[in-house]
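Here the structure comes first, spelled out in structure tokens, and everything after it is commentary.
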Amino acid sequence: QVHLVESGGGLVQAGGSLRLSCTASGRTFSISAMGWFRQAPGKEREFVASISSKSARRYYADSVKGRFTISRDNAKNTGYLQMNNLQPEDTAVYYCAAGLVAGTGRDDFGSWGQGTQVTVSS
């Protein structure tokens, strides 16, 4: 398994930007797909974006397409989620995850971080 730690969350006004980071320990990160999910209060954890191990494939939820960008730097064992034009409905705890396949379902990922809070004020 890969141990994951998220950072970069915080409070931002609507229209602002944040960049989340996900730092991984373990040699398997570079061959693992990575994903970002989020969970708002009272809601199910939902897919945000995923990226394959060599960044050849990237997938986004429709709600973030055009605003969020997923990327990774395998040399640094770190993945990123650049979030632009944030809206109040983006408020949630954001989780990074690692797995074998760059899928869109929670079951595609076997390792999870503890999450980082993102709050967008209107």
Quiz item: Any chance the range 59-82 includes a residue that's modelled with pLDDT of 95 or more, under 11 Å from the mean Cα position of the chain (by Cα) and acidic (Asp, Glu)?
Solution: no
Quiz item: Restricting to strands (runs of 3 or more DSSP E) lying wholly in the range 39-84: which have 3 or more residues that are within 17 Å of Arg19 (Cα to Cα) and in contact (Cβ under 8 Å) with a residue 40 or more places away in the chain?
Solution: 46-51, 78-83
Exercise. Might you check whether a residue that is hydroxyl-bearing (Ser, Thr, Tyr), open to solvent by less than 40 Å² (accessible area, probe 1.4 Å), under 14 Å from Ser111 (Cα atoms) and not in a loop (DSSP other than H, G, I, E, B) occurs anywhere in the range 7-28?
Key: no
Quiz item: Restricting to the range 31-48, what's the tally of residues that are surrounded by 14 or more Cβ atoms within 10 Å (Cβ to Cβ) and under 15 Å from Asn77 (Cα atoms)?
Solution: 4
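The values are calculated or read from the model by the stated rules, or taken from the named source; none is laboratory data. Just so you know, these numbers come straight off a predicted model, no measurement behind them. Positions of Cβ are generated from backbone atoms using ideal geometry, with glycine treated the same way; all protein chains shown enter the neighbour counts. What goes into the accessible areas is simple: the full protein's heavy atoms, side chains included, and nothing from ligands, DNA or RNA. Shrake-Rupley method; radii C 1.70, N 1.55, O 1.52, S 1.80 Å.
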